[in-house]
Amino acid sequence: MTTIKLHNTKTRKREVFTPIDDKNVRMYVCGPTVYDRAHLGNARPVIVFDVLNRLLRHVYGDGHVTYVRNFTDVDDRINETALKRQQAGAVGSLEELIRERSDETIDWYHADMDALGALRPNHEPRATEYIDQMVAMIAQLEADGFAYEKEGHVLFRVRKYADYGTLSGRSVDDMIAGARVEVAPYKEDPMDFVLWKPSTDELPGWDSPWGRGRPGWHIECSAMAYELLGAHFDIHGGGNDLMFPHHENEIAQSCCANGTEAMANVWMHNEMLQVEGKKMSKSLGNFFTVRDLLEQGVPGEVIRFVMLSTHYRKPMDWTEKKREEAEKTLGKWALVTAEEIPSPMDDEFIRLLGEDLNTPGAIALLHSFARQKEFKKLRAGLDFLGLDLASWRAFFDEKDLQYDKYISMDHRSIINTLLGERFLAKKNRDFVKSDHIRDFLTEAGIKLNDNPDGTSDWESTSDFDPAKLEAIK
Ligand code: AMP
Ligand code: ZN
């Protein structure tokens, strides 16, 4: 059996992964708060853990992995949108409008993540459907002295849990010094965090032993993970930004309520995404959503490929240059694998992914398959990584496989069609036809540079003559 090694945040080591039950490998990943379109950064954990999900399914069997990713649908920003819509005359109660807003955001999320080639998890629980379980968990914590109620709030008593901070390797006092902990009159200690808080009459709220209120964010994941995966499971993932306080709090709540030593055996965190070397933020004007890119015509496979070209534990920089290169590479690979039936998976490819998801290494191997004309292996590797190029293959004659800003879309499309035909002609050893296509393009002012894998790159020269190119029609 393939050995999978994963970097565990908890031990700060790369460890051999051994499932608790190899007939049911269980993974929980913190999902989005569904108040608006997912931004490009949100796509990173989705793609990273999708590759891990595929690898686990490959190794343990498709039916032996349970992957859960939640939707956080209790949030002030969702409420605000609903309230604004109601004030603008939308029909329905505030509760209905809130539900409508999260439904719509979830639909967008699905459409966007599907376009990135991510398989849907086995369960996608919504926080609002697990309130009873959250209330039960909080009640248990209170009964055992890990939580206390004050002024309608229920708080977790951080100092009561000796292991608090072990995930990020910091002491409670260091964390207080470094974090923006809210000092509030209802807290015994500034570190204590909210499990339940009161709700106003017009906002969503649920009845509870502590009055009408709503859950804190952290308890949502603890309750949903417990319901769907049990008290102790294999892998818990999310972005680096969630390590503290969110994941520390999840561990504290779950271990204290369930009486376990560990919530998950392996904790995995992806590093953040940046744009052209800068943090993505609205104030810097470099903030964009996955949908923005898709609408600009960037294929989902290109986004996925760029993301996987950087190891998940390194900051990932999204740049125009990487996008262009990915588009060119995938265009060529779509072409050369068009008629290939995938071969069985290459051992080295799986071994690389098993080394803490070494996706850049796996992609480097795909490049070497392409150079060596091992197109069946290339096809299998692409399929494994979820890079489905079917639409590229079907339309490779229409698809813009290579950019040249001086040449219009229509002209690029003609060139790419001809290059596709030339590739197939060479493969069929019809050199008269392949030479003829090259001569035609040279005549129109397009210079070809042939690659070892049988594809060609092209560039326009100062002799470029659109009329000559159009004459082919
Ligand atoms: P949120 O909806 O903000 O809770 O985020 C959903 C997921 O996206 C979490 O796993 C975050 O850690 C992750 N995330 C948010 N921003 C970024 C970013 N810039 N780069 C990578 N992951 C991110
Ligand atoms: Zn979570």
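The values are calculated or read from the model by the stated rules, or taken from the named source; none is laboratory data. Values in this document were obtained by computation on a predicted structure and should not be read as measured data. Using ideal geometry, Cβ is built from the backbone for each residue, glycine included, and neighbour counts are taken over all protein chains shown.
Observations on the structure shown:
- Test: residue in region 151-158 that is surrounded by fewer than 22 Cβ atoms within 10 Å (Cβ to Cβ) and modelled with pLDDT under 95: yes
- Taking the conditions (1) more than 25 Å from Gly239 (Cβ to Cβ); (2) crowded, with 20+ Cβ neighbours inside 10 Å; (3) of a type in the set (S, T, N, Q) in turn, Asn70 satisfies each one other than (1).
- Here Gly169 meets each of (1) assigned to a loop (DSSP other than H, G, I, E, B); (2) at pLDDT below 95; (3) over 26 Å from Leu6 (Cα atoms) with one exception, condition (3).
- Pick from region 422-473, criterion under 41 Å from the mean Cα position of the chain (by Cα) and part of a loop (DSSP other than H, G, I, E, B), ranking: surrounded by the most Cβ atoms within 10 Å (Cβ to Cβ): Thr455
- Residue in region 190-204 that is at pLDDT 95 or above, touching a Leu at 6+ places or on another chain (Cβ under 9 Å), within 16 Å of ligand 1 (Cβ to nearest atom) and aliphatic (A, V, I, L, M) present: no
- Residue within region 289-300 that is under 21 Å from Arg37 (Cα atoms) and of a type in the set (Lys, Arg) present: yes
- Some residue of region 10-22 being of a type in the set (Asp, Glu) and either at pLDDT below 95 or in a strand (DSSP E or B) (or both): yes
- Within the set Val16, Val65, Val48, Val34, the sole residue that is under 14 Å from the mean Cα position of the chain (by Cα) and not aromatic (Phe, Trp, Tyr) turns out to be Val48.
- Hits in region 338-355 - residues which are free of Cβ contacts under 8 Å to residues at least 24 places away in the same chain and touching a Gly at 6+ places or on another chain (Cβ under 6 Å): Leu352
- Residue check for Arg120: basic (Lys, Arg) and either assigned to a loop (DSSP other than H, G, I, E, B) or in contact with a Gly (Cβ under 7 Å, 6 or more places away or on another chain) (or both): yes
- Of the set (1) farther than 30 Å from Met1 by Cβ; (2) touching a His at 6+ places or on another chain (Cβ under 8 Å), all apply to Asn24 but (1).
- Once region 254-285 is narrowed to residues that are within 19 Å of the chain's Cα centre (by Cα), part of a strand (DSSP E or B) and touching a residue at least 12 places away in the same chain (Cβ under 8 Å), the residue that is nearest to ligand 1 (Cβ to nearest atom) is Leu273.
- Any hit, region 54-67, residues being within 30 Å of Ser281 (Cβ to Cβ), of a type outside the set (Phe, Trp, Tyr) and either away from ligand 1 (no atom under 13 Å from the Cβ) or in the same structural domain as Gly205 (by TED's automatic domain parsing) (or both): no
- Flag if Tyr186 is more than 15 Å from Ala252 (Cβ to Cβ) and of a type in the set (Ser, Thr, Tyr): yes
- Residues of region 45-73 classified as touching a Ser or Thr at 6+ places or on another chain (Cβ under 6 Å) and either within 16 Å of ligand 2 (Cβ to nearest atom) or not in a helix (DSSP H, G or I) (or both), total: 2
- Among (1) surrounded by fewer than 16 Cβ atoms within 10 Å (Cβ to Cβ); (2) of a type in the set (Asp, Glu); (3) within 16 Å of ligand 2 (Cβ to nearest atom), the one test that Glu250 misses: (1)
- Taken together, Leu97, Leu6, Leu55, Leu40 contain a single residue that is surrounded by 16 or more Cβ atoms within 10 Å (Cβ to Cβ) and free of Cβ contacts under 8 Å to residues at least 40 places away in the same chain, which is Leu97.
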